[in-house]
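The structure appears below as structure tokens.
The values are calculated or read from the model by the stated rules, or taken from the named source; none is laboratory data. On a predicted model such as this, the values are computed, not experimentally measured, just so you know. FYI the Cβ positions are ideal-geometry reconstructions off the backbone, even for glycines, and counts take in every protein chain you see. Remember, those area values only see protein heavy atoms, side chains included, never the ligands or the DNA or RNA. Shrake-Rupley method; radii C 1.70, N 1.55, O 1.52, S 1.80 Å.
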Amino acid sequence: MALVINALMFGVEIVGGLKSGSVSLLADAVDFAGDAANYGLSLAVLSMGLLWRARAALVKGLTMAAYGVFVLGKTAWAAVHGVPPEPVTMGVIAMLALFANLVVAALLYAYREGDANMRSVWLCSRNDAIANVAVGAAALGVMGSGSAWPDLLVAGVIAGLALSAGHSVVRQARSEIAAQATIAAA
């Protein structure tokens, strides 16, 4: 279910981000696509041993960090070349995405303290809900100021969340891989 919700919201946010000209909405759309892929990978390795789940989490953590770097680059480009986005479309889609992410987060709440693989799924959903609130706030900021800066600031925050979560998952996955290597060597 989480996979389907994320795939659908990716399409909605891409269209909305392009229509509104919002960098933060496009950043969130790319994140939805990454989450859908991460959920698929998590399901694929769910029944495998901890070493395989940790390896999958390592890939996911690196992907999250790469996404964060991409969003930072897009934000910098938009800061130099961008114009203010259309805030109404941006805000409506952000609230729709928030609802979708709260449903997914509720479904995954029980897995927030699991192994690196399951923790990465929870962190993706948590970060998405936070990002949706921030995109909604940015829409209000753009509406009130007529400036692109609230949108650009939120895109930067979304990038920071992705980098932070990616770092956390990579660190935990590497620890789990090292622990499994120690067990295998014994």
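Tabulated values for the structure
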{"item": "Cα gyration tensor shape for the range 46-130, rounded if a/c is under 1.5, else prolate or oblate", "result": "oblate"}
{"item": "Å² of accessible area per residue within the range 84-154, as computed with a 1.4 Å probe and no ligands counted", "result": "43 Å²"}
{"item": "Percent carbon-and-sulfur accessible area, the range 36-95, ignoring ligands, DNA and RNA, probe 1.4 Å", "result": "79 percent"}
{"item": "Label zone at Lys19 (point 7 Å along Cα-to-Cβ), backbone N below 20 Å, the range 80-118", "result": "83-101"}
{"item": "Surface accessible to a 1.4 Å probe, Glu176 within the full protein complex, Å²", "result": "30 Å²"}
{"item": "Charge tally in the Cβ shell below 10 Å around Gln172, where Lys, Arg are +1 and Asp, Glu are -1, Gln172 excluded", "result": "+1"}
{"item": "Cα-based shape type of the chain, given that a ≥ b ≥ c are square roots of the gyration tensor eigenvalues and the cut on a/c is 1.5", "result": "prolate"}
{"item": "Helix axis angle, 23-45 relative to the chain longest principal axis, alpha carbon, degrees", "result": "20 degrees"}
{"item": "Equivalent-ellipsoid semi-axes of the range 78-186, from the Cα gyration tensor, Å, largest first", "result": "36, 17, 7"}
{"item": "Gain upon complete extension [Ala184, Ser47; 0.36 nm per residue less C-alpha separation]", "result": "47.4 nm"}
{"item": "Three-way shape call for the range 28-78 based on the alpha-carbon gyration tensor, with the a/c threshold at 1.5", "result": "oblate"}
{"item": "Choice from Ala148, Ala76, Ala57 with maximal GNM fluctuation in the chain (Cα, 10 Å cutoff)", "result": "Ala76"}
